[in-house]
Structures are given as structure tokens and as C-alpha cells.
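*Asks:* Below is one structure. I have some questions about it.
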Amino acid sequence: MILSIESSCDDSSIAITRTSDAKLLYHKKISQELEHSIYGGVVPELAARLHAKALPDILEETKDFFSELKAIAVTHEPGLSVSLVEGVSMAKALVVALNIPLIAINHLKGHIYSLFIDKPKSVFPLGVLLVSGGHTQVLHVRDFGNIQVLASTLDDSFGESFDKVAKMLGLAYPGGPIVEQYAKSGDERAFAFTIPMQGPRLDFSYSGLKNQVRLATSQAGVLDDKTKSDICASFQRVACEHLLQKLDKIFKLHQLSDFAIVGGASANAYLRAKVQTLTSKHNICLHVSQLEYCSDNAAMIGRCAIEAYKLGDFVSIDDIRVNPKMHF
Ligand code: KG4
Ligand code: ZN
């Protein structure tokens, strides 16, 4: 069994995964959303202190598995440095105490493996749309170690733009699920936001759309619930349409038979439905993670670590580094 730790942002999570068949034997996550929401975003120093409290509390529940552990896996990149350090320190202490190997896992790769939690086999090659709070990328994943970037955002990420729009409208953090909720009762054509970067380039950009929303919000005056819903619906339609336009180009350029959406924002039902329609048009099979594993969690880190374990991809406690800014 592998014990995995995730603490890259504002979720403290630990999982136990069986190496033989990828079965998830234990998983717990303590989210810090409530503590950060009053500040309208994640406060790094607070996040680190909350990890320092939550991780040992969760670890205590896994003591019965200790004698059967074969390795400890931990997210070491990318993320908030002070948050990553909490998980990495715990992982180092555990490998010293239990005398077993240490595995360093890339958080983004972890999101990809959220697709295969509880599944012994993975599906590759795979096109992947990664939409989280920190990243918006389309990847071509040939296997565990072979990942090519097909498109990336030039500025804000997809999830981050939902968080910022929520903040402008006086809604809570994280903004994604709340904006999606408001959008359900809104008119998605009420505000004529323009779709960013409609030229041939494959990059994404969300800062211009964010500014369009800011302007509309200030011009709308008093923001009643109907106006908020209309802004959310119009923003969500354009934010997703931007992704879809680029995906359509990518599907024409690359012969993909399998495609997946992963990351916290892949929980968005509107986005899922739109990507499903597009992949069906291109005869591509769409894969998505279970909703509970879209946002940050240690189960995906454990599932990814099985592949590293099979390859003997271990790191010493002296060599493991936290790498906050890493991107593919
Ligand atoms: O993957 P994740 O949990 O953390 C990072 O690695 O960043 O993603 C969190 C991001 C936040 O920006 C959040 O607002 C967004 O995912 N998100 C959503 C939805 N649920 C979460 N964005 C749009 N629609 C959603 N339903
Ligand atoms: Zn994430």
C-alpha cells in the first residue's frame, strides 16, 4: 500500500491506495474553504497553519495501515510553497520512521490520474483539458512520463476567472460552484461579452473577459439576484465557448480517440455538457473524474504514485524539492 499526502493549496488530504489493483482503501480531506472565504481567496500563511493542524489529525486515522505501507507519496509541485512544505515535511518524517521509499508527485499529473482512481488500468494516449484554479492547459498525454502541452493560458486560469467574477459580484470563495449555481437561473445572452482570442492561436486568455465583466458589473449599478444570475450565465457561456473554440481546432489538428477534462473546474456541469457535445461530433470518447475527485485530493496523488512505484521512481529526503511555480 501507498500512503499519499496532498497539501498544495487549501485542502489537507491523505489516502491509502493498494498497489496491486489501485483500490482506494482510505481517503480523507479537510477543506479550508470556510476559513479562507472571509478573505475572498487563499491566505498562504493561514493555509500552512491549517495544514499543520489537519494533516496529523488525519494521519492518526491511518495508523493501522502503517505496517503494510510500501512507500510514501507527496505532492511537491506546483502550489503554494508554504502549503507544499507542510505535506513534504510530514512525508519525510514518515519515510525516516518507517524506513520506506519516498515518491514526489506532480500535482497536475495527479489531476490526470484522478480519472483512474480505483481502476487498475489507465487509458493512454489521452488528450486532457486541465482546468483548475492555477492552470488552464490542453495536454497530450502519451504515458506517465510523456506529456506534451498543446495549449496554455497566457494570463488568468479558467477557475481563477470564476473566482474573480464571484468576488466582483460579492459572492463567496471559491467562486466556481457559486457562479455555476447563479448561472442556472440566468439568461446567458443578457450580456454580450466577446469571446477572447478568436484567431488561429491555440492559447487561452481570461483577463480580458474578466475586465468585460468588471465593466458590466460597475455599469449595472445595484446588483440584484437577477442581474447577478444574468452576468454569471453570460460569463460562463463565453468562458466555456473560448475553451470549445480552441478544442475544436485541436481536435482537427490531432487525431485523438480519447479525451478527458480534469481539475477542480471540471466539476462544472455546463462545461462537461458542452465538451461532451463537441467530443461526440469528433467521434472522441470523453472521460471525466467522479465529482468528489475533481478538486484537490490525495486519492489522485496515490493513484499517480502507483505508476511511479512500479517504475521505481523514488527520491531521497535530501533531494526532494518543493517547486511552487512548475508547469508542463
Ligand atoms: O483543482 P482545484 O481544486 O485546485 C487547484 O489545483 O487550483 O481547482 C480549484 C478551482 C477554483 O478556481 C474553483 O473556483 C474552480 O476550480 N471550480 C469551478 C467549479 N468548481 C470548482 N469552476 C467552475 N465551475 C465549477 N463548478
Ligand atoms: Zn488542483
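The values are calculated or read from the model by the stated rules, or taken from the named source; none is laboratory data. Remember, it's a predicted structure, so these values are computed and weren't measured experimentally. For neighbour counting, all protein chains shown are included, and Cβ atoms are generated from backbone atoms with ideal geometry for every residue, glycine included. Just the protein is used for accessible areas: all its heavy atoms, side chains included, with ligands, DNA and RNA removed. Shrake-Rupley method; radii C 1.70, N 1.55, O 1.52, S 1.80 Å.
*Asks:* Counting residues that are crowded, with 22+ Cβ neighbours inside 10 Å, which helices (runs of 4 or more DSSP H) fully inside region 1-109 reach at least 2?
*Replies:* Correct list: 44-60, 81-98.
*Asks:* While we're on this one: Tell me, please, whether a residue that is assigned to a helix (DSSP H, G or I), of a type in the set (Asp, Glu) and open to solvent by less than 60 Å² (accessible area, probe 1.4 Å) can be found in region 296-307.
*Replies:* The answer is yes; a qualifying residue exists.
*Asks:* Under 7 Å by Cβ, and 6 or more places apart or on different chains, what pairs join a residue from region 142-162 that is open to solvent by 30 Å² or more (accessible area, probe 1.4 Å) with one that is of a type in the set (Gly, Ala, Ser)?
*Replies:* Listed by first residue and then by second, the contacts come to Thr153/Ser205; Leu154/Ser205; Asp155/Ser205; Asp155/Ser207; Glu160/Gly133.
*Asks:* Quick check on my filter: what residues within region 174-214 are open to solvent by less than 40 Å² (accessible area, probe 1.4 Å), part of a loop (DSSP other than H, G, I, E, B) and over 15 Å from His242 (Cβ atoms)?
*Replies:* Once the filter is applied, which keeps residues that are open to solvent by less than 40 Å² (accessible area, probe 1.4 Å), part of a loop (DSSP other than H, G, I, E, B) and over 15 Å from His242 (Cβ atoms), region 174-214 yields Pro174, Gly186.
*Asks:* Something else about it: Scan (1) modelled with pLDDT under 95; (2) over 19 Å from Tyr293 (Cα atoms) for the single condition Leu50 breaks and write down its number.
*Replies:* Condition not satisfied by Leu50: (1).
*Asks:* Looking only at region 118-173, filter to residues that are within 16 Å of ligand 2 (Cβ to nearest atom), of a type in the set (Ser, Thr, Tyr) and in a loop (DSSP other than H, G, I, E, B); which one of those is farthest from Lys228 (Cα to Cα)?
*Replies:* Restricting to residues being within 16 Å of ligand 2 (Cβ to nearest atom), of a type in the set (Ser, Thr, Tyr) and in a loop (DSSP other than H, G, I, E, B), the top hit is Ser132.
*Asks:* If you don't mind, another one. Quick check: anything in region 258-267 hydrophobic (A, V, I, L, M, F, W, C), open to solvent by 10 Å² or more (accessible area, probe 1.4 Å) and more than 16 Å from ligand 2 (Cβ to nearest atom)? Before the answer, list the steps.
*Replies:* Taking region 258-267 as the starting set, the residues that turn out to be hydrophobic (A, V, I, L, M, F, W, C) are 259-262, 265, 267.
Then keep just the ones that are open to solvent by 10 Å² or more (accessible area, probe 1.4 Å); that gives 265, 267.
This time we only want the ones that are more than 16 Å from ligand 2 (Cβ to nearest atom), so: none.
No: zero hits.
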